[in-house]
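Contents: one structure, followed by commentary.
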Amino acid sequence: MLYQVENFDSLLGMKGFSDQLLKDHFGLYEGYVSHTNDLLRKIRGLADTGLDTPEFSELERRLGWEFNGMRLHELYFSNLGGEGGAPKGELGDLIHRHYGNFEAWNQEFRAVGSMRGVGWAISYHDPIANRLINFWIDEHDTYHPAGCTPLLVMDVWEHAFAIDYGTDRESYIDAFMNNVNWSAAETRLRATADAVPASR
């Protein structure tokens with residue numbers, strides 16, 4: 001079964017993000033979906049000719065990049081369109097438990113997103129320890145913490161903000177935080193409830 005492009009047009013008109021920026025970003029995301037499907041077809045096509053080949057190895061290596069590019073953008077777009085502020089409920093409680101208050105978590109998350117380089121700032125839930133950890137993800141397919149669930153995903157590749165903000169990443173981060181849809185992050189947190197391995 002092929003992956004389908006999700007429609008995020010509901011974000012058009014979002015304050016702090018021009019429609020041109022969003023449409024260009026949607027187009028980039030659609031490319032990841034297309035390339036993921038193309039790679040899966042090609043890998044399946046090699047099943048009859050042998051998988052112990054350089055072609056198979058290179059396609060498999062590329063798949064992680066394209067798939068994560070697809071999925072991270074879906075998480076990113078779907079945790080936008082809200083009203084920002086501070087989360088409540090279980091996620092708010094978790095932030096207070098491990099950071100003391102929302103301001104401390106927010107300061108650290110923003111600092112991760114402000115680091116030099118291009119990548120992703122992601123607040124993960126570790127279901128085994130039941131704690132939040134903010135990570136810098138350099139490439140789509142590397143450095144993801146094993147067994148953790150991404151709750152809040154912020155794209156800090158230049159294509160996510162340069163059209164509107166040039167090199168002013170801080171203003172982009174402000175706009176992102178003002179539009180966070182915390183209910184999406186809360187839903188992701190609840191979905192990790194059954195993720196703890198049975199041995200724990």
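Only the coordinates and a few stated rules stand behind these numbers; no lab work does. The shown structure was predicted, so the numbers you read here are calculated from the model rather than taken from an experiment. Every residue, glycine as well, gets a Cβ built from its backbone with ideal geometry; the counts of neighbours run over all protein chains shown.
Computed over Cα pairs, the Kirkwood radius of the chain leads via Stokes-Einstein (1.567 mPa s, 4 °C) to a diffusion coefficient of 72 µm² per second. Across the range 89-194, Cα-Cα pairs more than 17 Å apart make up 53 percent of the total. Label positions at N130 and K88, each projected 7 Å from the Cα along the C-beta direction, are separated by 2.2 nm. Spin-label pair V118-T142: with each label point 7 Å from Cα along the Cα-Cβ axis, the two points sit 1.5 nm from one another. Ranking Y124, L21, V33 by Cα position along the charge dipole of the chain, where only Lys, Arg, Asp and Glu carry charges on their C-beta atoms, puts Y124 farthest toward the positive end.
Fully extending the segment from A162 to E30, taken as 0.36 nm per residue of separation minus the present Cα-Cα distance, adds 45.6 nm. The residues R71, R116, when put in order of fewest to most other Cβ atoms within 10 Å, stand as R116, R71. Estimated from helical segments only, the mean residue ellipticity of the chain at 222 nm is -16000 deg cm²/dmol, where each DSSP H run of four or more residues counts as -39500 (n - 2.57). Past the 14 angstrom mark, what percentage of all C-alpha to C-alpha distances in the range 18-78 do you count? The proportion of pairs with Cα distances above 14 Å equals 60 percent.
For L28, L91, what's the fewest-to-most ordering of other Cβ within 10 Å of each Cβ?
Numbers: L28 14, L91 23.
Going from least to most buried by this count: L28, L91.
Annotation: peptides 171-178, 2-9, 47-54, ranked by per-residue average of other Cβ atoms within 10 Å with the highest first, follow the order 171-178, 2-9, 47-54. Using 0.36 nm per residue and subtracting the Cα-Cα separation, the extra length available between S183 and E103 on full extension is 26.9 nm.
Could you work out the relative contact order of the range 92-200? I mean the mean sequence separation of Cα pairs under 8 Å and 6+ apart, divided by the number of residues, in percent. It comes to 24 percent, rounded to a whole number. Arranged by the count of other C-beta atoms within 10 angstrom, fewest first, what order do M115, M70, M14 take? Lowest count first: M115, M14, M70. This model, with +1 at the C-beta of Lys and Arg and -1 at the C-beta of Asp and Glu, gives the chain a dipole about its Cα centre of some 500 debye. Any idea what angle helix 102-113 forms with the longest principal axis of the chain, computed on alpha-carbon atoms, 0 to 90 degrees, nearest 10? Long axis of 102-113 versus the principal axis of the chain: about 40 degrees.
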